[in-house]
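Written below as structure tokens is the structure these notes are about.
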Amino acid sequence: MPLLTISWDLNFNVTLWNKAATNTFGYTEKEALGKNCLELTVPKGLEKKAKSIFKELITQKGTTDNINETLTKSGKIIICHWHNTILENRDGETVGVISSVEDITEKENIRKEAIKNQRLLENAQKLSEVYFIDKIGRASCRERV
């Protein structure tokens with residue numbers, strides 16, 4: 001499976017959009033190029049938070065990772081792990097960002113279900129311990145009578 005790759009300029013307009021990005025997000029390369037990422041990938045109501053993240057991102061050096069809800073063309077919200085690398089020119093000035101993106105929606109759903117099941121198991125174990133103690137306690141009381 002090809003690596004989903006998107007590149008952004010300093011205004012977070014798309015400069016590169018590969019086929020894997022099209023397969024995941026639904027926009028063709030032609031539709032995505034030059035568009036701002038807020039229009040393409042940020043769910044309604046999260047634009048302000050996303051702008052803050054983006055502004056912080058371009059002040060950093062090297063690579064950063066973040067996980068957030070991401071919007072597809074069809075309006076579906078998926079969970080993506082963004083691996084961002086700051087792009088610099090020869091003078092060390094930031095000129096953009098390249099992101100490899102992984103749709104982790106299914107993994108995240110499995111993780112949440114596992115946590116839910118772990119909590120249910122822990123509660124069941126606690127209840128069984130209380131029941132066991134209660135049974136032992138009652139048996140001890142009956143024996144004394």
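Values computed for the structure shown
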quantity	calculated
Over segment 1-70, relative contact order from alpha-carbon pairs under 8 Å, at least 6 apart, %	23
Prolate/oblate/rounded call for the chain, Cα gyration tensor, a/c under 1.5 rounded	prolate
Principal-axis tilt of helix 47-57 within the chain, Cα atoms, nearest 10 degrees	70
Cα pair count fraction exceeding 13 Å, expressed as % - segment 32-83	63
Range in the chain, longest, excluding exposed trypsin sites (Lys or Arg not before Pro) [loop by DSSP; at most 15 other beta-carbon atoms within 10 Å]	91-145
Average Cα contact separation per residue, the chain, under 8 Å, 6 or more apart, as relative contact order %	21
Cα-Cα over 21 Å, subset of 30/73; 19/76; 30/107; 19/49; 76/107; 51/116	30/107; 19/49; 51/116
Computed E for residue 126/residue 36 - FRET, C-beta separation, R0 41 angstrom, nearest 0.05	0.20
Inverse of mean 1/r across different Cα pairs in segment 26-112, Kirkwood, Å	14.1
Fraction of accessible area attributable to carbon and sulfur, the chain (%, probe 1.4 Å)	56
For the chain, accessible area per residue (1.4 Å probe, heavy atoms of protein chains only), Å²	69
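The values are calculated or read from the model by the stated rules, or taken from the named source; none is laboratory data. None of these values were measured; they are calculated from a predicted model. Backbone-built Cβ (ideal geometry, glycine too); neighbour counts: all protein chains shown. To get the accessible areas, we keep the full protein, side chains included, count just its heavy atoms, and leave off ligands, DNA and RNA. Shrake-Rupley method; radii C 1.70, N 1.55, O 1.52, S 1.80 Å.
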